[in-house]
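In what follows, a single structure is set out as C-alpha cells and then discussed.
The values are calculated or read from the model by the stated rules, or taken from the named source; none is laboratory data. The structure displayed is predicted, hence computed values, not measured ones. All Cβ positions, even for glycine, are placed from backbone atoms using ideal geometry, and neighbour counts span all protein chains on display.
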Amino acid sequence: MNRHFDLRQFWVLTVMHFKELIREPAVLFWGIVFPVLMSLGLGIAFSKTADSQRNIAVVDIVKGQFSHDSISAFPSIYNHFYKKSIPQKSVQFSFSIRNKKLGNTVFNFSHLSWEDAIRKLKRGEINLIVSKERETFQYYFDPANPDAQNSYMKLSQILNLKNIAELKRDENVSVLSLPGTRYVDFLIPGLTAMGIMMSIMWGLSYGIIEKRSNKLLRRMIATPMKKHYFILSLFAVRIAMNLVESVILVLFAMLVFHITIQGSIIALFAVFIAGNIAFGGLVIFVSSRTSKTETGNGLINLVVMPMMMMSGIFFSYHNFPDIVVTILKYLPLTMLADSMRSIFIEGAGLMQVSSTIIILSFSGFILFIAGLKMFKWY
Amino acid sequence: MNQDIVVKVENVFKSFKTVKAVNGLSFEIKAGQFLALLGPNGAGKTTMVEMIEGIQQPDSGQIHIGGKEWKHHSKEIHQFIGLSLQETRFIDKLTVRETLNVFAGLYSLNKKRVNEVIEIVSLEEKQNAYVVNLSGGQRQRLALGISVINYPKLLLLDEPTTGLDPNARREVWHILQKMKNESNISLLLTTHYMEEAEQLCDNIIILDHGKILQEGTLDKLIEANGGKEIIEVTFKEIISGDFPILDSKLYHFDWDNTAQKLVLKLNDVDAGLKMFMAAIEQKNLKLSSFVSRKTTLDDLFISLTGRHLHE
C-alpha cells in the first residue's frame, strides 16, 4: 500500500464526514447561531448596569410570637427614608437610590404578617425580612444566598446612616471599562472554550455511536480502510468546523462588544488546537464501546456537565473552596478557558500558555490511543 | 489447494456462552458457484458468514478464502471478498453516487468503477438521490453495489432480501443472476427464503442448530427426500389403521390417519401416478380431493426436522 493510496482514503473519509455535517441544518444553528445568541444575551445582560430591585418584607410579629418588645418597623423605615410620617393604611412603598456609576437600587418594602413574608420568601419574591425589636432592626435571611446578603448589607448600611445623601457619594468609585476588564471580556473566551468542548464531545460521539449502531462502522472495516483514518477524518472535519464557529463568535464579540485579543494569535491558535485534541481524545475514549445513543448521551453528559458548571465559564470558579479550586484548575475546560482568557485579556504569549498546550495535547493523545485500543467497531 | 475452490470451511466450531452457534461445519465453494445457507433463525448462518468475513474467530477448525487465512492475509482477503450485512444503514444525507465514491476511494478505485456499479445495480435514476430518500429495495441494491465495487471473487450476502417486498426481491435476484451469467464470481448467500435459494443457487446447505442437515443441488436434495412432485389426496372412504397399499419404486407416500390425508412424493408423474391410481383402483378406493404441487425447500425442511423453516 503506497502513500498516495493512504491519502486518498483519508480524503474520501474527510469529504464524507464534511458533507454529512454541513447538510444538517441543526449543525449551523447549534454550532454558530446559538453561541452568538448566548454571548449577545449574556453580554448585554451583564454589560448594562440595570436597576437592582431589592424586595423586602417588614413584619411586626416574628414567628407568630407576639413580643412586648416588638414595635412596628414599617413606619419607622418609611420615616428613615422620607423624613416624614407614613400615610395611613399604607402597606407598601418604594425608595430609589440613584447612582450613575453603580446603577440604581430600588428598595420595595411590603408590610406583611410573618406567615405571608415566609411564603413570599419561599417563592423567591423577597429575600430579606426585617423587624424592629427594642429600637434595633432585626434581619432574617439565608446568608448562603448572595442576593439576600447583598440586600442585608445595603439596607443595614442605609438604616445606620443619619443622612441618606451620603450614599450617593461615589467619588471613590472608578468604573473599569477598559477592554479586558469587563464581564463580557471574561465571558467570550470562556464561551469559545465551551463551544469547542460541546462541539467536539457531542459531534464526535454522535457521529461514532450512530454509525456503530447502524452497522456502518462494521461495513467500513470490511474494506481495506485504515481504522484510525476514520476517526482522524471525523476529527479533522470537527476541528475545521470549530475554527469557523470560534472565529465567528470572536468576530461578533469584537464588533458588538469591542473585545480585543491582547495576546498572541499564534498562541491562541495553538491553545485552540490543543483544546480540540484534549476533548477529541476524551470523546473517543468515552464513546469507544457503546452502540446505544441513550448510553452515549448519559456518558457525555457525565463528562460535560460538571465542567460546564465548575470550569468558570460564566462565573469565576475561585469562589469554591481552595481544595476544590486546585482540582478544578486541571479540568480540561478550565485549562482551555483560563489560557484563552489569559491570551484575550492579559496579553499572554506562547510561552505563558505552553504548559497548558502540552498537558492538553498529551492527555488528548493518550486518551485517543487508549480509546482506539478498546474501540468497538461492531 | 485446488485453484477452483474459493472457500474451504473445515470442521468449524463456534460457541457463545452456552449456545453452540456453529457445530462442526465443513463445506466448500468453487469458483462461479452460488451456495445458499438455508435455515431458520438461530441456525448459525450469520455466525458462519461472519467467520468467513473475518469478523468472528472460529473456536476451532480452518477457514481458507482463496487459499488464504484471515490471520496472515487480511489485506488480500479484504480485496478478495465483497459483502453485504443484514440491515446496514449508510449515511442518510449522502447521495448514492457519493456513497459509492467513498467505498471506491477506500479500495483506491476511480469514478469509472462507480459508474459501472451504478449500472450493474440499476440505480442510474437514483444516483443523485440522498440515501434517506431511497426505498428498501433501492437501499439493498446500493448495498449490493458496494459489495461488488472491488471486483470481488467471492460475494457474501447475509439475508440480502429480508424485509423487501416481492418486486424488490426479484430485482435483487435479477441483478445477482445477471452477475452469475456474466462473471465467474462465487456467492455465499444466507437466507430463510426457500424461493431465493431455489432461484439463485446451485448448491444448498440446510442448517439447523449449527449443523448441516443436508446438502447438495436442489434436485438432489428433493430427490433424496422422495421426489420433486407432491400430490395430496383424500378419499371418500374412511380408512382406519395403515394405508392399504405399499410404497413403490415410482412413488413414496406418508399416510396421516388423523387428517385422513395421503401425501404422495414422486419424480415421474406419468408412470408414478398411473401406478398409484391402478393400486387404489384395485383396493376400490375413490378420490375425494386431489392437489398436485412442486416440492419446496420447506417440505424438505419439514421432512428433515418435523418443523417449518419459519418456526
*Positions within region A:363-378 being away from every other protein chain (no Cβ under 14 Å) and in contact with a helix residue (DSSP H, G or I) (Cβ under 9 Å, 6 or more places away or on another chain), in sequence order*: A:SER363, A:GLY364, A:PHE365, A:ILE366, A:LEU367, A:PHE368, A:ILE369, A:ALA370, A:GLY371, A:LEU372, A:MET374, A:PHE375
*asked:* Given the condition crowded, with 19+ Cβ neighbours inside 10 Å and within 30 Å of A:SER213 (Cβ to Cβ), answer yes or no: does some residue in region A:249-262 qualify?
replied: no
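Results for (1) within 25 Å of B:THR217 (Cα to Cα); (2) aromatic (Phe, Trp, Tyr); (3) assigned to a strand (DSSP E or B); (4) at pLDDT 90 or above, shown as yes or no for each residue.
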| residue | (1), (2), (3), (4) |
| --- | --- |
| B:VAL263 | yes, no, yes, no |
| B:GLY272 | yes, no, no, no |
| B:PHE290 | no, yes, yes, yes |
| B:HIS308 | yes, no, no, no |
_Lone qualifier among A:ALA278, A:ALA267 - being in a helix (DSSP H, G or I), in the same structural domain as A:PHE230 (by TED's automatic domain parsing), at pLDDT 90 or above and under 19 Å from A:GLU346 (Cα atoms)_ = A:ALA267
*Inspect region B:263-285 for any residue being within 30 Å of B:ASN184 (Cα to Cα) and either free of Cβ contacts under 8 Å to residues at least 12 places away in the same chain or out of contact with any Lys or Arg (no Cβ under 9 Å at 6 or more places or on another chain) (or both) and give the result as yes or no.*
no
*Evaluate the following for B:ILE120: is it β-branched (Val, Ile, Thr) and touching a strand residue (DSSP E or B) at 6+ places or on another chain (Cβ under 8 Å)?*
no
_Single condition B:THR162 does not satisfy, out of (1) closer than 23 Å to A:ILE221 by Cβ; (2) of a type in the set (Ser, Thr, Tyr); (3) crowded, with 19+ Cβ neighbours inside 10 Å_ = (3)
*Top-ranked residue of region A:112-136 - restricted to ones that are small (Gly, Ala, Ser) and surrounded by 13 or more Cβ atoms within 10 Å (Cβ to Cβ), ranked as nearest to the chain's Cα centre (by Cα)*: A:ALA117
*Which one of the conditions (1) assigned by TED's automatic domain parsing to the domain that holds B:ASP59; (2) farther than 30 Å from B:THR18 by Cβ does B:LEU250 fail to meet, given that it meets all the rest?*
(1)
*Considering (1) buried (at least 17 other Cβ atoms within 10 Å of the Cβ); (2) more than 15 Å from the chain's Cα centre (by Cα); (3) modelled with pLDDT under 85, say which one B:LYS249 fails and leave the rest.*
(1)
*Unmet requirement for B:LYS211, which otherwise passes all of (1) farther than 25 Å from B:PRO58 by Cα; (2) of a type in the set (D, E, K, R); (3) surrounded by fewer than 16 Cβ atoms within 10 Å (Cβ to Cβ); (4) in contact with a strand residue (DSSP E or B) (Cβ under 7 Å, 6 or more places away or on another chain)*: (1)
*Counting just the residues of region B:1-19 that are surrounded by fewer than 16 Cβ atoms within 10 Å (Cβ to Cβ) and charged (D, E, K, R), which one comes out farthest from the chain's Cα centre (by Cα)?*
B:LYS17
*Report whether or not B:VAL102 is within 13 Å of chain A (Cβ to nearest Cβ) and either surrounded by 21 or more Cβ atoms within 10 Å (Cβ to Cβ) or under 25 Å from B:THR161 (Cβ atoms) (or both).*
yes
_B:LEU189 being modelled with pLDDT of 85 or more, of a type in the set (A, V, I, L, M), buried (at least 20 other Cβ atoms within 10 Å of the Cβ) and under 11 Å from the mean Cα position of the chain (by Cα)_ = yes
*Could you pull out the residue among A:ILE327, A:ILE300 that is surrounded by 19 or more Cβ atoms within 10 Å (Cβ to Cβ), among the hydrophobic types (A, V, I, L, M, F, W, C) and either over 15 Å from the mean Cα position of the chain (by Cα) or closer than 18 Å to A:GLY190 by Cα (or both)?*
A:ILE300
*Filter region B:55-69 down to residues that are buried (at least 20 other Cβ atoms within 10 Å of the Cβ) and under 19 Å from B:SER147 (Cα atoms) and give me whichever is nearest to the other protein chains (Cβ to nearest Cβ).*
B:ILE65
*asked:* What's the total number of residues in region B:136-181 that are away from chain A (no Cβ under 14 Å), farther than 21 Å from B:GLU125 by Cβ and charged (D, E, K, R)?
replied: 2
_Could you list, ordered by first residue, the pairs with Cβ atoms under 8 Å in which the first is in region A:207-225 and more than 7 Å from chain B (Cβ to nearest Cβ) and the second is among the hydroxyl-bearing types (Ser, Thr, Tyr) and buried (at least 18 other Cβ atoms within 10 Å of the Cβ), at least 6 apart or interchain?_
A:ILE208/A:SER287; A:ILE209/A:SER287; A:ILE209/A:THR290; A:ILE209/A:SER291; A:ARG212/A:THR290; A:ARG212/A:SER291; A:SER213/A:SER291
*asked:* Considering only region B:274-283, I want to know if a residue exists there that is touching a Gly at 6+ places or on another chain (Cβ under 7 Å), in a loop (DSSP other than H, G, I, E, B) and on the phi < 0 side of the Ramachandran plot.
replied: no
*For the subset of region A:137-153 comprising residues that are crowded, with 18+ Cβ neighbours inside 10 Å and assigned to a helix (DSSP H, G or I), which member is farthest from the chain's Cα centre (by Cα)?*
A:TYR152
*Considering only region A:93-111, state which residues are touching a residue at least 24 places away in the same chain (Cβ under 8 Å) and buried (at least 17 other Cβ atoms within 10 Å of the Cβ).*
A:ILE97, A:THR105, A:PHE107, A:PHE109, A:SER110, A:HIS111
